[in-house]
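Input: a single structure, listed below in structure tokens.
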Amino acid sequence: MTTSTTDQTIDAVFGKTQPIRRVSSAQWLVVAISTLCYGAALVASILMIRKGESLAGFIGVALVLTLLPVAIVLIVRWVHGSSRGTSNSGDLEALQSELQRLVAQSQLSDDAKQVLFRQHERDMLKRAIEDDITNQDWDGAMVLVNRLANRFGALQLSEEYRQRIERARFETTNQAVIAAVAQVENLMAAGHWDAAIAEAQKVQRLFPSVTKVANLDHRVIAVRMTHKQELERSFFLAAQEGKADEAMERLRQLDQYLTPEEAEPLREMARGVIGKARDNLGAQFKLALQDKQWKSAAEIGEKIIAQFPNSRMAGEVRDVIDGIRQRAIAME
């Protein structure tokens, strides 16, 4: 079989091949502009849906997706026809007829469009409500539920959604309130009263309609006052019984509750208790020395130095404590 015969056979099977033609820059520019326009129209339609203009957005998406194939065919035909220098009038007339049909469909009345997309828009609205419930956006979900009732007349479904949202809102809010109140109580137990009051006020701002947290900051203040009174009573009892260590500890705990004016009388009383305790230790130290109870004298002397390091008595004890310790060791 000759080469000519082979070429004829190939042409018969696959059609006569056409030479590859170059597309001009102007044609590429038209293609690029058309693509950008359709992309912008699609993005604008999607944004309209996200902003709540569902009907207009869906219509825009439908038109873009419907007209895009037609535009592609027209552009391809135009590029191909331009490259050949010819045009196919029959194909163009058919495309023109199809385009006119699509335009006629796009000119439907608003009522017709609403009927056409009604079920789809309703399903989209229900999915949006479910998303808001999942994200705990209760107010946003309620807005969509009202739209579902008013626009689509789904009264029973809307009421079911409302009950579900209110129940979920109550459960979530109740758990959050319990955790917040527990945090306030932990701060009170640790004695961080200022932080507890600030946290209580924060809880009241977050849950203004919850009765459980109403006046929570005042309750913290009341507990703080009760605790202060208990510490004062404990201090007075310790001072009365001459328990210097306990009295000083209570005074230290009271320091954060008292103003300087309130603290001064208590400090004066504490100084009296401390002086009395120091004098008692001094008397015990002297008696131990007189009785030659060196070990006991050494222990009392060390206590005087530890508790009253800056007193004159402590200085006197330091002068003799080494000798007392040696005698205590010698007696063992």
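Coordinate-derived values only; no laboratory data. Everything quoted here is computed from the prediction, not taken from an experiment. For neighbour counting, all protein chains shown are included, and Cβ atoms are generated from backbone atoms with ideal geometry for every residue, glycine included.
The table below lists the values:
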{"read-out": "Check on residue 237, part of a helix (DSSP H, G or I), under 21 Å from residue 224 (Cα atoms) and without any contact (Cβ under 8 Å) to a residue 24 or more places away in the chain", "value": "yes"}
{"read-out": "Top-ranked residue in region 265-314 [being closer than 20 Å to residue 327 by Cα and among the aromatic types (Phe, Trp, Tyr); ranked as farthest from the chain's Cα centre (by Cα)]", "value": "294"}
{"read-out": "Residue within region 309-327 that is out of contact with any helix residue (DSSP H, G or I) (no Cβ under 9 Å at 6 or more places or on another chain), of a type in the set (Lys, Arg) and within 23 Å of residue 245 (Cα to Cα) present", "value": "yes"}
{"read-out": "Filtered residues of region 277-316 (kept if touching an Asp or Glu at 6+ places or on another chain (Cβ under 9 Å) and over 25 Å from residue 239 (Cβ atoms))", "value": "288, 295, 297"}
{"read-out": "Residue check for residue 266: of a type outside the set (S, T, N, Q), under 30 Å from residue 221 (Cα atoms) and part of a loop (DSSP other than H, G, I, E, B)", "value": "no"}
{"read-out": "Some residue of region 202-209 being at negative phi, aromatic (Phe, Trp, Tyr) and in contact (Cβ under 8 Å) with a residue 40 or more places away in the chain", "value": "no"}
{"read-out": "Residue match in region 257-274 (condition: more than 30 Å from residue 226 (Cβ to Cβ) and out of contact with any helix residue (DSSP H, G or I) (no Cβ under 8 Å at 6 or more places or on another chain))", "value": "no"}
